[in-house]
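> Below is the structure I would like to discuss, written out as structure tokens.
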Amino acid sequence: MKEKIANLMAEINALAINSADEAENLRIKYLSKKGIITALFNDFREVPNEQKREIGQLLNQLRTVATDKIMSAKENFATVNSVDNSLDYTRSSDPIALGTRHPLSIVKNEIIDIFSRIGFTVAEGPEVEDDWHVFGALNFPPEHPARDMQDTFFVTRNPDVLLRTHTSSVQSRVMTSQEPPIRVLCPGRVYRNEAISARAHCFFHQVEGLYVDKNVSFADLKQALLYFAKEMFGEDTKIRLRPSYFPFTEPSAEMDISCNLCGGKGCSFCKHTGWVEILGCGMVDPNVLEACGIDSKVYTGYAFGMGVERITNLKYQVKDLRMFSENDVRFLQQFESAY
Ligand code: PHE
């Protein structure tokens, strides 16, 4: 028995295995139920008791060596055969589609880019606000309709916790925390209690701007806005300012640009007027400066605010506002841009 084991050990050590099939045949030959080594374990029962210990150890050793050699060869050949080195296994199986930026983000970034070229930086603030930053500091009388339940979403029963209806609230925050000169853009989402339709939504996006310094004039405002309109809609774009009213600016104006679809000749988009309104603006009311701790005898300022959806509609002729928030990839995939 001892000799048999020794011979087999030598035989197994000398084996050269060249394929998975060979390994499988050897497994059957030595280790299967009817294999040579398995048969030795059956013979082991007849070994005299005093030799059992020694022979048992040798037998176990033989089985371990044979199993290791044959099974590891089998595994190695199996993996080698299935790996085709001409393929890149780190690549994902599905092509990864590159995303596109949301059209509102593209346009918002473009607006920021244009104004940053004339010295504006970005300021942001919370969407859940208090009455003072949204209305109080901005010269809204207590009974002003914009504070009404019909326009403003209140977050709690406490009327002091509300969703901002414009990003002018960020301007209040900047003016109370920074000394002039101030030149900021306030982009962000705003909320108004409106019925959702193709032309109105209960949330939308604004970019507002504020410039406060010594000797800021209406001419500065007009020049900055003309620069913006030309950069955004093209060199031939004309602007027109119409008198308007906002509680926080005096004088106030609304700005139209020459219709960029018909070039000002008149079309259904501009209702045959040749002009489309794009923003509100004006000189910061001295009451607002004073409420925010800025000396209105020393400083003046201008402010403007525009809806990003409106500008995006003009650039891309999106007819239905709801498209912006429906996340339909067929719509979103049409927008590829550097911004
Ligand atoms: N806050 C105004 C709005 O939401 C826009 C505006 C900003 C008008 C600054 C004038 C000056 O409609």
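The values are calculated or read from the model by the stated rules, or taken from the named source; none is laboratory data. Computed from a prediction, not measured in an experiment: that's the story for all the values here. Because the Cβ atoms are built from the backbone with ideal geometry, glycine has one as well, and the counts that use them run over all protein chains shown. These accessible areas exclude ligands, DNA and RNA; they are computed on the full protein's heavy atoms, side chains included. Shrake-Rupley method; radii C 1.70, N 1.55, O 1.52, S 1.80 Å.
> Got at least one residue in the range 265-277 being surrounded by 15 or more Cβ atoms within 10 Å (Cβ to Cβ), out of contact with any Leu (no Cβ under 7 Å at 6 or more places or on another chain), in the same structural domain as residue 216 (by TED's automatic domain parsing) and not in a loop (DSSP other than H, G, I, E, B)?
Yes - at least one qualifying residue is present in the range 265-277.
> Restricting attention to the range 215-232, does a residue exist that is assigned to a loop (DSSP other than H, G, I, E, B), on the phi > 0 side of the Ramachandran plot, open to solvent by 70 Å² or more (accessible area, probe 1.4 Å) and more than 13 Å from the ligand (Cβ to nearest atom)?
yes
> Exactly one condition in (1) in contact with an Asp or Glu (Cβ under 8 Å, 6 or more places away or on another chain); (2) within 30 Å of residue 296 (Cα to Cα) is not met by residue 204; state its number.
All conditions pass for residue 204, except number (2).
> Report, by residue number, each residue of the range 239-264 that is open to solvent by 70 Å² or more (accessible area, probe 1.4 Å), more than 10 Å from the ligand (Cβ to nearest atom) and in a strand (DSSP E or B).
Selection gives 240, 242, 243, 250.
> Under 7 Å by Cβ, and 6 or more places apart or on different chains, what pairs join a residue from the range 183-197 that is open to solvent by 80 Å² or more (accessible area, probe 1.4 Å) with one that is hydrophobic (A, V, I, L, M, F, W, C) and in a strand (DSSP E or B)?
From the range 183-197, the pairs are 189/203.
> Starting from residues that are open to solvent by less than 60 Å² (accessible area, probe 1.4 Å) and closer than 28 Å to residue 314 by Cβ, keep the ones in the range 125-151 and report whichever is modelled with the lowest pLDDT.
This residue is 146.
> Residues that are of a type in the set (D, E, K, R), open to solvent by less than 80 Å² (accessible area, probe 1.4 Å) and under 30 Å from residue 1 (Cα atoms): which helices (runs of 4 or more DSSP H) entirely in the range 30-118 hold 1 or more of them?
In the range 30-118, 36-43, 49-82 are the helices (runs of 4 or more DSSP H) which contain 1 or more residues that are of a type in the set (D, E, K, R), open to solvent by less than 80 Å² (accessible area, probe 1.4 Å) and under 30 Å from residue 1 (Cα atoms).
> Quick one: in the range 61-101, of everything that is over 26 Å from the mean Cα position of the chain (by Cα) and small (Gly, Ala, Ser), which residue is nearest to residue 11 (Cα to Cα)?
If we take residues in the range 61-101 being over 26 Å from the mean Cα position of the chain (by Cα) and small (Gly, Ala, Ser), then 66 is nearest to residue 11 (Cα to Cα).
> Given 130, 151, 160, which one is among the acidic types (Asp, Glu), more than 27 Å from the chain's Cα centre (by Cα) and within 14 Å of the ligand (Cβ to nearest atom)?
Result of the check over 130, 151, 160: 151.
> Just to be sure I understand, how many residues within the range 170-205 are in a helix (DSSP H, G or I) and within 16 Å of the ligand (Cβ to nearest atom)?
The number of residues fulfilling the criteria is 6.
> Can you tell me which residue within the range 281-320, out of those that are within 16 Å of the ligand (Cβ to nearest atom), assigned to a helix (DSSP H, G or I) and hydrophobic (A, V, I, L, M, F, W, C), is surrounded by the fewest Cβ atoms within 10 Å (Cβ to Cβ)?
Only one residue tops the list, namely 291.
> Here is a further query. Any chance you could count how many residues in the range 256-291 are under 36 Å from the mean Cα position of the chain (by Cα) and acidic (Asp, Glu)?
2
> Please tell me if residue 122 is closer than 23 Å to residue 211 by Cβ and either open to solvent by 70 Å² or more (accessible area, probe 1.4 Å) or within 16 Å of the ligand (Cβ to nearest atom) (or both).
yes
> May I pose another question? Looking at the range 131-144, I want the residues that are more than 16 Å from residue 290 (Cβ to Cβ) and have a partner that is among the polar types (S, T, N, Q) and part of a helix (DSSP H, G or I) with Cβ atoms under 7 Å, at least 6 apart or on another chain. Which pairs are those?
Cβ pairs passing all conditions: 134/169.
> Of the numbered conditions (1) surrounded by 16 or more Cβ atoms within 10 Å (Cβ to Cβ); (2) closer than 16 Å to residue 255 by Cα; (3) away from the ligand (no atom under 16 Å from the Cβ); (4) not acidic (Asp, Glu), residue 324 fails exactly one; give the number of that condition.
(2)
> Here is a follow-up. Residue pairs, Cβ under 6 Å, 6 or more apart or interchain, first in the range 275-288 and on the phi < 0 side of the Ramachandran plot, second surrounded by 20 or more Cβ atoms within 10 Å (Cβ to Cβ) and small (Gly, Ala, Ser). List them.
Short answer, once both residue conditions are applied: 280/305; 281/253; 284/301; 284/303.
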